[in-house]
Amino acid sequence: VQLQAFGGGLVQPGGSLRLSCASSGTIFSINHMYWYRQAPRKQRELVAMISSGGSTTNYASSVKGRFTISRDNAKNTVYLQMKSLKPEDTAVYYCKSRNPRTANDYWGQGTQVTVSS
């Protein structure tokens, strides 16, 4: 299983970015998908998750109302639309795939998001 995350970059406070995570080597549509982030000197934290069929989503309280997770099972891709970005959103963002039948987790390599003026 391979996960490729991309779309990060430098953005000003209040700006927007869309992260993408492309999956290969697995039946994407059966996997729950997650976005995590890790800021310098902090533990990795869960940002958002979406169920295999896309009907269930959950968000960390710090991003609720600003971030939207979605998926396109035809493209084997999960997205994280980020709006109203704040400096505290600065982190490396990782996608994760979990097979609900085996509980096996697979991680992408991470993409840097920096929010700064």
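Taken together, the values in this text are just the output of simple stated rules run on the coordinates, not laboratory data. This structure is a prediction, so every number in the text was calculated from the model and none was measured. Methodologically, a virtual Cβ is constructed for each residue, glycine included, from the backbone with ideal geometry; neighbour enumeration extends over all protein chains shown.
Brief remarks on what is shown
- Counted charge near Arg18, where neighbours are those whose Cβ lies closer than 14 Å (Asp, Glu -1; Lys, Arg +1): +2
- If the segment from Gln43 to Lys86 were pulled out straight at 0.36 nm per residue, it would be longer than the present Cα-Cα gap by 13.6 nm.
- Extending 7 Å from Cα along the Cβ direction at Arg18 and again at Arg101 yields two label points whose distance is 3.2 nm.
- Model label points for Ala60 and Gln4, set 7 angstrom from Cα along the Cα-to-Cβ axis, are 2.6 nm apart.
- Gaussian network model of the chain, springs between alpha carbon atoms under 10 Å - residue of Pro13, Pro100, Pro40 with greatest fluctuation: Pro40
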